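Some notes on the structure that comes next.
The values are calculated or read from the model by the stated rules, or taken from the named source; none is laboratory data. Everything numeric here is computed off the predicted structure, so don't read it as measured data. Backbone-built Cβ (ideal geometry, glycine too); neighbour counts: all protein chains shown. Only protein heavy atoms, including side chains, enter the accessible area calculation; ligands, DNA and RNA are left aside. Shrake-Rupley method; radii C 1.70, N 1.55, O 1.52, S 1.80 Å.
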Amino acid sequence: MTRPPELYACVYVRELPAQALLRLRPELHDKPCVVLEGEPPSESVCAMNTRARLHGLRHGMTKVEVETFENVMVLQRSPKIEAAVRTILLECAGAFSPRIEDRSINGLFVCVLDAAGTEGLFGPPLMLAKHIRQRLRSVGIVGSVTISANLHTAVCLARGLSGGVPVRVVPRGEEAKTLAPLPVTVLGITEAQDETFRTWGIRSVAAVAALPERSLISRLGQDAKRLLQLAHGKHPHLLQPIDVPFVLEEQAELDSPLDDLESLLFGLSTMLEQLIVRARSRVLALASVTITLRLDGGSSHERTVNPRVPTNEKKLWLKLLQLDLEGHPPNASILGVHLHAEPGATSKVQLGLFSPQLPEAGRLDVTLAKITAIVGEGNVGMAVLDDTRRFGDFHIEPFSITTAEPPSAATASPMCLRLLRPAERTRVEIHRGQPCEVHFRSRRYTVERVYGPWLKGGDWWNESIWGNEQWDVIGKAVDSSLLVCRLSHDFILKDWRVAGLYD
Amino acid sequence: MASSSTIRFQVESALAHRFPSALTPPARMVRPVVPTGIGPLDELVQGGFPVGAMTELVGDVCSGRMSLALSFLSQVTAAEKVCAWIDASNTFNPAAASAAGVDLRRLLWVRCGVSETVSEQETRKFTLPPECFTPKPVLKGLHGGGHGTHPRNEVKGLSAAVGKFLSDETVRARCAEPFSKPRPTPQTFEPNLRPSSTSVRTPRRGRTYDAVEQALRCADLLIQTGGFSAIILDFGEIASEVVSRIDLSTWHRYRVAAEQTQASIVLLSQYACAKSSSELQLRLSPLEDTNEERTVFTGLSAHVEVMRQRFTQTPSNVVPMRKPPQRAQDARWTHRASWVGPR
């Protein structure tokens, strides 16, 4: 099998600090925004959006200089968010090739993909470049993509792209010709080299490429050979691929402390959208979302929402998060939000023509969350019987639709005991060791039949004592109303209770 | 000669002004039902509880409403359908439901009005402090050891002890010096009988109204969600005066929603509150003892009466001259205890 010819795609994102902060805040896209870095008072502009550049703001301006402009949104640089966005971008690039090299430097995101042999999947190089750029747009980042057979040519070309050209493909063998008109700075030269070239009157890459190799090396040293190779588009490179992470995380810092959950949901909506886009691109769905709220005072509040089936419906997720946070509100103002999602397989349920109608999973989740908000946690779900005969011999588990085979329906109609929680205290008259009269709910019942007693409770292997006996009693009141109940007699507390009614 | 169909047409047209379509059998509308699993009752109500409609089981406390509803649910879950039990008084018994054949994995249980957690302790523990279990230290005698290994060892150190006893310090008179012997502190052992959690009680009346409101809201949500083949609304332990205050529009809304989602809504109550919104209304009489055994509680017999049933099939559209045979309006059966075998 022949190895496909080399092809590299370079993803180049400028102004990363600004783009990282603004991608989850669409309301700021129409405003001039600058990002400051450094310790106060010597803060300076490190990144900005296009609007700010059009207003005349430049890199390196101090805060005081920035304040002379009107309506400029000033943001603080956040290395944490930048790192998270860098991971997201790498993951985006990873969808096109498993071999990726990260060449990011301060304030810039540069990564190179080994795109050799991907024509069958993504079409010609131009289509691939457009796909990559579209993918970056979907996560809220604007970047440029260049494709070339030489890795360094792709990177140098990406550095030199200007005039709103987001995508450029260098035809094979025309690397030197494509780089020729670009300024010499795209070759990544040092300040000293820049100074030297300036004194020589060399401005473009074409001028560097025309210099004689031996003379240049004798004047600039061995690095001159690299520059010449770069200028000719022939500098070799051994790609050092990295492991592409896949972590579904989004975080945002709030400008001011927030108390209102409704307002928080607006931000959550954008973040969830991003998570869903990223999960969907891998044909996955969100299985669970953990929201961590950074609160005023240094504490944090964490909640996890798990619907029955993984889903990519934003509305459903928002509703579930809203209901959960309303049920468990944070106890202080919110300063920051962090979302972490676990991916799961997208579920496609094939329903049969004759299978019974079942609740729709998404709607059921919202309904159960709403009911939980009404009746309280632990009061909704399916009962699971425990392997015991004690009082409260069950526990509640979250309700889910099962496809297991059901037990066969009972043929005879059994007698059922309606349990009273808590058991109602009653007064019982005893005659010859058996109940003869029961006072229950302000009525006096004369006992007609009595069965028992049965001792209940107690373990033979420890010091617990058998202090509970039960009687099944059928009584009739004066107005002929009937009482069929289970009486519980506690020896230790010496009280009688009605544990349940046969109904 | 005219054919029989021609004769029939002629007779019908002649009688048309008195009996419209006298000889044509009426069109039968097949209404879907779900059997309750109780033979006599299914026969009485022509198959079972209606689908897409509301059924009301009315009766006093101890009249067998819950047993009947669970029997119905066991039939629904056996058909792999999903149902819900909205428990307004928190009296549902999962163990009994399981014994009745209900698949608990297909039953959503909503407990309303649970505002307190009371942990009942049926096995009490009586524990003693650990000091009681440590052996008492051996009392040292005069010779420092009680029983010696040999009688001759018992006198060991006796002379020294006598000397010490007769020393000045011991013999000196102490006059009226108060005798300061530490008084032993009385030890009390309390059994661990107190319940572990303290419950905050709210007035019963307020609790009941809250529970009813919660139950109605939950029922609304579940009916709107759809997909639940049966929804049991259990007001069996709620007093009549509370249930009777529920708006009639609520029941009408449920009826319409049930018709749209094809759910069977079963209402258990002490008072017939749904009025015309219920398609089937059954009144259960108090249970009676079967008197089969003296020592073992074997079962109770139930009696039900149909108070209201819509869309009953009329056998013919001809009004007969004589009084037609009347259908039975009540049924009897026996609820057996789960510990009793087949008889």
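Here are some notes:
- Looking only at the stretch A:228-240, and only at residues there that are open to solvent by 70 Å² or more (accessible area, probe 1.4 Å) and closer than 22 Å to A:GLU91 by Cα, the one that is nearest to the chain's Cα centre (by Cα): A:GLN240
- Residues that are free of Cβ contacts under 8 Å to residues at least 60 places away in the same chain and either touching a Pro at 6+ places or on another chain (Cβ under 6 Å) or in a strand (DSSP E or B) (or both) occur in the stretch A:255-273; there is at least one.
- Near pairs, Cβ below 6 angstrom, 6+ apart or cross-chain, from the stretch B:63-92 (of a type in the set (Asp, Glu)) to any residue that is open to solvent by 10 Å² or more (accessible area, probe 1.4 Å) and not in a helix (DSSP H, G or I): B:GLU80/A:PRO356; B:GLU80/A:PRO406; B:ASP87/B:ARG111
- Some residue of the stretch B:289-310 being touching a residue at least 12 places away in the same chain (Cβ under 8 Å), outside any strand (DSSP E or B), more than 26 Å from the chain's Cα centre (by Cα) and surrounded by fewer than 16 Cβ atoms within 10 Å (Cβ to Cβ): yes
- Qualifying positions in the stretch B:261-276 - away from chain A (no Cβ under 12 Å) and open to solvent by 10 Å² or more (accessible area, probe 1.4 Å): B:TYR271, B:ALA272, B:LYS275, B:SER276
- All positions within the stretch A:136-161 that are under 32 Å from the mean Cα position of the chain (by Cα) and open to solvent by 40 Å² or more (accessible area, probe 1.4 Å): A:ARG137, A:SER138, A:VAL142
- Considering residues of the stretch B:30-77 that are open to solvent by 10 Å² or more (accessible area, probe 1.4 Å) and β-branched (Val, Ile, Thr) only, the residue farthest from the other protein chains (Cβ to nearest Cβ): B:VAL30
Residue-wise test of (1) in contact with a helix residue (DSSP H, G or I) (Cβ under 9 Å, 6 or more places away or on another chain); (2) at pLDDT below 90; (3) assigned by TED's automatic domain parsing to the domain that holds A:ALA154.
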{"residue": "A:TYR12", "(1), (2), (3)": "yes, no, yes"}
{"residue": "A:PRO17", "(1), (2), (3)": "yes, no, yes"}
{"residue": "A:LEU22", "(1), (2), (3)": "yes, no, yes"}
{"residue": "A:ARG25", "(1), (2), (3)": "yes, yes, yes"}
{"residue": "A:ASP30", "(1), (2), (3)": "yes, yes, yes"}
{"residue": "A:LEU36", "(1), (2), (3)": "yes, no, yes"}
{"residue": "A:PRO41", "(1), (2), (3)": "yes, yes, yes"}
{"residue": "A:SER44", "(1), (2), (3)": "yes, no, yes"}
{"residue": "A:GLU70", "(1), (2), (3)": "no, yes, yes"}
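- For the stretch B:84-110, filtered to residues that are β-branched (Val, Ile, Thr) and closer than 17 Å to B:THR208 by Cα, the residue that is farthest from the other protein chains (Cβ to nearest Cβ) is B:ILE86.
- Pair list, Cβ under 7 Å, 6 or more apart: the stretch A:12-39 residue touching a residue at least 24 places away in the same chain (Cβ under 8 Å) and more than 12 Å from A:THR50 (Cβ to Cβ), other residue outside any strand (DSSP E or B) and acidic (Asp, Glu): A:LEU16/A:GLU82; A:PRO17/A:GLU82; A:ALA20/A:GLU82; A:LEU36/A:GLU43; A:GLU37/A:GLU43
- Qualifying residue in the stretch A:236-250 (condition: of a type in the set (A, V, I, L, M) and outside any loop (DSSP other than H, G, I, E, B)): yes
- Counting only helices (runs of 4 or more DSSP H) that fall entirely inside the stretch B:1-113 and contain at least 3 residues that are at pLDDT 90 or above, the qualifying elements are B:39-44, B:65-78, B:94-99.
- Among the residues making up the stretch A:188-212, a single one is surrounded by 13 or more Cβ atoms within 10 Å (Cβ to Cβ) and of a type in the set (Asp, Glu): A:ASP194.
- Filter pass, A:LEU268 being within 30 Å of A:VAL155 (Cβ to Cβ), open to solvent by less than 20 Å² (accessible area, probe 1.4 Å) and within 11 Å of the chain's Cα centre (by Cα): no
- Out of A:THR446, A:THR402, one residue alone is within 11 Å of chain B (Cβ to nearest Cβ), open to solvent by 30 Å² or more (accessible area, probe 1.4 Å) and farther than 18 Å from A:ASP495 by Cβ. It is A:THR402.
- Residue-level analysis places A:LYS177 among those that are more than 27 Å from the chain's Cα centre (by Cα) and either among the basic types (Lys, Arg) or modelled with pLDDT under 90 (or both).
- When residues of the stretch A:283-299 are limited to those that are open to solvent by 40 Å² or more (accessible area, probe 1.4 Å) and among the hydrophobic types (A, V, I, L, M, F, W, C), the one farthest from A:LEU272 (Cα to Cα): A:VAL283
- Residue ranges of strands (runs of 3 or more DSSP E) in the stretch A:1-112 with at least 3 members touching a Ser or Thr at 6+ places or on another chain (Cβ under 7 Å): A:8-13
- Tabulated pairs, the stretch A:476-493, first over 14 Å from B:LEU287 (Cβ atoms) and aromatic (Phe, Trp, Tyr), second at pLDDT below 85 and open to solvent by less than 20 Å² (accessible area, probe 1.4 Å), C-beta under 6 angstrom, 6+ apart or interchain: A:PHE491/A:GLY467
- Options A:LEU353, A:LEU321; residue that is farther than 20 Å from B:VAL110 by Cβ, more than 11 Å from chain B (Cβ to nearest Cβ) and over 23 Å from the mean Cα position of the chain (by Cα): A:LEU353
- Only residues that are open to solvent by 40 Å² or more (accessible area, probe 1.4 Å) and in contact (Cβ under 8 Å) with a residue 24 or more places away in the chain were counted in the stretch A:102-118, giving 3.
- Looking across the stretch A:368-399 at every residue that is of a type in the set (S, T, N, Q) and part of a loop (DSSP other than H, G, I, E, B), the one that is nearest to the other protein chains (Cβ to nearest Cβ) is identified as A:ASN379.
- All of B:GLU177, B:GLU169, B:GLU116, B:GLU120 fail the test of being assigned to a helix (DSSP H, G or I) and either crowded, with 20+ Cβ neighbours inside 10 Å or at pLDDT below 60 (or both), apart from B:GLU169.
- Of residues in the stretch A:82-101 being under 14 Å from A:VAL247 (Cβ atoms) and in contact with an Asp or Glu (Cβ under 7 Å, 6 or more places away or on another chain), the one least open to solvent (accessible area, probe 1.4 Å): A:LEU90
- When restricted to residues that are open to solvent by less than 70 Å² (accessible area, probe 1.4 Å) and either free of Cβ contacts under 8 Å to residues at least 12 places away in the same chain or touching a helix residue (DSSP H, G or I) at 6+ places or on another chain (Cβ under 8 Å) (or both), the stretch A:382-399 contains 10.
- Residues in the stretch B:229-267 that are aromatic (Phe, Trp, Tyr) and assigned to a loop (DSSP other than H, G, I, E, B): B:PHE235 alone.
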